[in-house]
């Protein structure tokens, strides 16, 4: 295979991986925006998204036989997209509710405590979710049911793009557009942005901060759930610990883009995904997990605000 | 009333003491992973050992004494096996120990058994570094280098492949150990490694490596790794259009592999300790008894632990007593023990010399290809 084609292939692979990191990173950055704290249980919400899909898919498959389709045809394409979309939307709803509950039960009572307390609590919540899932589903990997037929998209020559990879990239673009509309065009989005500038002033203007924070958690968790489903469509093996590394790498992506900055998180995710794939392809595969953290160290040393972040002055 | 109760309990207590002193029993400690991450393997292993013990006891026990298994669970956590083995040695005073499931857990147990001069036999730990720990440490399965040689020889002789790519899981001693011997043997016998690729346990995306693999067009791909990664690699490789057959080791042995990889697993081969499809009557008898007892098909772990338990019982019988030193000497003299995983001899390094099998996956089911002698 031509070196150029191989490079383009690796870029495409990186793009689909990066889309996943971007979707998870958005949750970190939005929660940081309104609460100034890192929700370390976010990677586990992504895992719960995959497991919700695992539970729901058989039910949906009874209405639309998603697992039976061997390939995309003009006749079944719409049906498949509706079915897979249904699984995704239900899982996103489940995780949105879970995210709101986590915030309500574990974080809200600690809102006025030192930030470190909440941070440690988040790690506790993360372990709780992982071990609960392990208790109910067992530690061994489970096979994720087929939602869309997996095949190479024809007509691309030597390039191999799978339908699942295309689904990841297209769904991510779609979700980013929807998110952008919510944040810029709705009242709730306005409240979110206001809250991230000044919570006290925001509540003085009559905004119910608790509702806005709950909404932020719901939004972030739904995006993480979508990422969980998309990843499981592409590599259909899910375990209770699957959220650990993607969660931390997405956190790095959020810092890289400028924590608290929504477009920054998306860009950071894509950069981390592409970098990771290129490192595996051209340097050494064992550096796969190291590269994200190397990026984190470099960013913190040279540009702690990230690519798109603003400098925040401590007010006296 | 109170006095009567006191005397009654005294009598009961003494009679139990007497019974245990007079009749005696052979106690063997069994340690494996019954809960936690490795529980699916651990449960099979202990079921195999229990079935063997039940058969031995229903046939009159060992030296006319019942064989008592003291089974404990290391919860798949490091440190637990050492604690359990200490309990076996000091509290239960076992005659011998069967375990542990994995190489790293067995590494915890072996020095303790060695210091106490109690024989320890592991039916499944394949790492070479285990038996050199001491002369009381035995193993009844083959080692990682054997798997590597079998895979290389199969590719050369059976698949007539010369151009190969190897993919190693650098986080697993097992994968690295098999790969080292495989590369050496394959290279020395006319094969050529086009590319050495690696990944880490827990990875789910292998496209970067597989894109490189596809570019060199190998005739065979060696994949000595465990099933969670193997199943995803097989799937992604086929979707990317890699057509070369994959050859692996016993780490592939799980029903989950076919569930995840689906038809991508078809046409692959792996070396294993045991196949329930082996037409050998000894194997088929064992499979039937195991199915009757547990309503499941025995996997390689169950078969290996079944053999390990029976081999241990055979050694105790030949030792003529439950004295640990005598059992050790009898174990060291094991020759051509007839097991369901083949005839087992223990060599001077206390390792097993025994055959393996090559199986293939066809339409989602496992078929036996051939038995491979050492």
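I'd like to verify a number: residues in segment A:193-210 that are assigned to a loop (DSSP other than H, G, I, E, B) and touching a helix residue (DSSP H, G or I) at 6+ places or on another chain (Cβ under 8 Å), how many?
Matching residues across segment A:193-210 total 2.
Within the group A:237, A:232, which residue is in contact with a strand residue (DSSP E or B) (Cβ under 6 Å, 6 or more places away or on another chain), within 14 Å of another protein chain (Cβ to nearest Cβ) and buried (at least 21 other Cβ atoms within 10 Å of the Cβ)?
A:232
Give the residues of segment B:317-338 that are crowded, with 23+ Cβ neighbours inside 10 Å and either in contact with a strand residue (DSSP E or B) (Cβ under 6 Å, 6 or more places away or on another chain) or closer than 30 Å to residue B:259 by Cβ (or both), sorted by residue number.
B:327, B:331
Can you confirm whether segment B:154-166 contains a residue that is touching a strand residue (DSSP E or B) at 6+ places or on another chain (Cβ under 8 Å), within 14 Å of chain A (Cβ to nearest Cβ) and at negative phi? Please lay out each step first, then the result.
So the first thing to find is which residues in segment B:154-166 are touching a strand residue (DSSP E or B) at 6+ places or on another chain (Cβ under 8 Å), and the list is B:154-155, B:158-159, B:161-166.
Restricting the remaining residues to those that are within 14 Å of chain A (Cβ to nearest Cβ) gives B:165-166.
Now drop any that are not at negative phi, which leaves B:165-166.
There is at least one residue in segment B:154-166 that is touching a strand residue (DSSP E or B) at 6+ places or on another chain (Cβ under 8 Å), within 14 Å of chain A (Cβ to nearest Cβ) and at negative phi.
For residue A:47, are the conditions met, namely being within 14 Å of chain B (Cβ to nearest Cβ), under 30 Å from residue A:209 (Cβ atoms) and either crowded, with 24+ Cβ neighbours inside 10 Å or touching a strand residue (DSSP E or B) at 6+ places or on another chain (Cβ under 8 Å) (or both)?
Values: within 14 Å of chain B (Cβ to nearest Cβ): yes; under 30 Å from residue A:209 (Cβ atoms): yes; either crowded, with 24+ Cβ neighbours inside 10 Å or touching a strand residue (DSSP E or B) at 6+ places or on another chain (Cβ under 8 Å) (or both): yes.
Spelling it out, residue A:47 is indeed within 14 Å of chain B (Cβ to nearest Cβ), under 30 Å from residue A:209 (Cβ atoms) and either crowded, with 24+ Cβ neighbours inside 10 Å or touching a strand residue (DSSP E or B) at 6+ places or on another chain (Cβ under 8 Å) (or both).
Check residue B:177 against each of (1) more than 14 Å from every other protein chain (Cβ to nearest Cβ); (2) modelled with pLDDT under 90; (3) surrounded by fewer than 21 Cβ atoms within 10 Å (Cβ to Cβ) and name the one condition it does not meet.
(3)
If I ask for residues that are free of Cβ contacts under 8 Å to residues at least 40 places away in the same chain and in contact with a helix residue (DSSP H, G or I) (Cβ under 7 Å, 6 or more places away or on another chain), which ones from segment A:261-287 would you list?
A:279, A:280, A:285, A:287
Would you check if residue B:369 is touching a strand residue (DSSP E or B) at 6+ places or on another chain (Cβ under 7 Å) and within 21 Å of residue B:124 (Cα to Cα)?
Working: touching a strand residue (DSSP E or B) at 6+ places or on another chain (Cβ under 7 Å): yes; within 21 Å of residue B:124 (Cα to Cα): no.
No: the conditions fail for residue B:369.
Just to verify a result, which residue in segment A:279-300, among those that are surrounded by 14 or more Cβ atoms within 10 Å (Cβ to Cβ), under 21 Å from the mean Cα position of the chain (by Cα) and within 13 Å of chain B (Cβ to nearest Cβ), is nearest to residue A:10 (Cα to Cα)?
Restricting to residues being surrounded by 14 or more Cβ atoms within 10 Å (Cβ to Cβ), under 21 Å from the mean Cα position of the chain (by Cα) and within 13 Å of chain B (Cβ to nearest Cβ), the top hit is A:288.
Pick from B:275, B:254, B:264: which is farther than 25 Å from residue B:193 by Cβ, within 14 Å of chain A (Cβ to nearest Cβ) and either touching a helix residue (DSSP H, G or I) at 6+ places or on another chain (Cβ under 9 Å) or at pLDDT below 90 (or both)?
B:254
Considering B:186, B:154, B:206, B:199, which residue is buried (at least 20 other Cβ atoms within 10 Å of the Cβ), over 26 Å from residue B:306 (Cα atoms), out of contact with any helix residue (DSSP H, G or I) (no Cβ under 9 Å at 6 or more places or on another chain) and outside the structural domain of residue B:337 (by TED's automatic domain parsing)?
B:154
Looking at A:195, A:270 in this structure, which one is over 18 Å from the mean Cα position of the chain (by Cα) and more than 23 Å from residue A:94 (Cβ to Cβ)?
A:195
Among B:230, B:216, which is the only one that is more than 10 Å from chain A (Cβ to nearest Cβ), in contact with a strand residue (DSSP E or B) (Cβ under 7 Å, 6 or more places away or on another chain) and either surrounded by 22 or more Cβ atoms within 10 Å (Cβ to Cβ) or touching a residue at least 40 places away in the same chain (Cβ under 8 Å) (or both)?
On inspection, the qualifying residue turns out to be B:230.
Say whether the condition of being surrounded by 13 or more Cβ atoms within 10 Å (Cβ to Cβ), assigned to a loop (DSSP other than H, G, I, E, B), more than 9 Å from chain B (Cβ to nearest Cβ) and touching a residue at least 24 places away in the same chain (Cβ under 8 Å) is met by at least one residue in segment A:116-135.
no
Restricting attention to segment B:118-127, does a residue exist that is in a loop (DSSP other than H, G, I, E, B), within 10 Å of residue B:328 (Cβ to Cβ) and in contact with a helix residue (DSSP H, G or I) (Cβ under 7 Å, 6 or more places away or on another chain)?
yes
Output the residue which, of all residues in segment B:55-79 that are touching a helix residue (DSSP H, G or I) at 6+ places or on another chain (Cβ under 8 Å) and in a helix (DSSP H, G or I), is farthest from the other protein chains (Cβ to nearest Cβ).
Applying the filter and picking the extreme gives B:56.
Does residue A:32 qualify as being within 14 Å of another protein chain (Cβ to nearest Cβ), over 14 Å from residue A:99 (Cα atoms) and in a helix (DSSP H, G or I)? Steps first, answer last, please.
On the way: within 14 Å of another protein chain (Cβ to nearest Cβ): no; over 14 Å from residue A:99 (Cα atoms): yes; in a helix (DSSP H, G or I): yes.
For residue A:32, the condition - within 14 Å of another protein chain (Cβ to nearest Cβ), over 14 Å from residue A:99 (Cα atoms) and in a helix (DSSP H, G or I) - is not met.
Before we move on, is residue B:102 within 21 Å of residue B:139 (Cβ to Cβ) and touching a helix residue (DSSP H, G or I) at 6+ places or on another chain (Cβ under 6 Å)? Full working, then the answer.
Working: within 21 Å of residue B:139 (Cβ to Cβ): yes; touching a helix residue (DSSP H, G or I) at 6+ places or on another chain (Cβ under 6 Å): no.
The answer is no for residue B:102.
Is it the case, given these coordinates, that residue A:160 is within 14 Å of chain B (Cβ to nearest Cβ), assigned to a helix (DSSP H, G or I) and under 28 Å from residue A:68 (Cα atoms)?
no
Restricting to segment B:344-374, what's the tally of residues that are over 30 Å from residue B:262 (Cβ atoms), in contact (Cβ under 8 Å) with a residue 12 or more places away in the chain and outside any loop (DSSP other than H, G, I, E, B)?
Residues meeting the conditions: 4.
The values are calculated or read from the model by the stated rules, or taken from the named source; none is laboratory data. None of the values given here were measured: they were computed from a predicted structure. With ideal geometry, Cβ positions are generated from the backbone for all residues, glycine too; neighbour counts draw on all protein chains shown.
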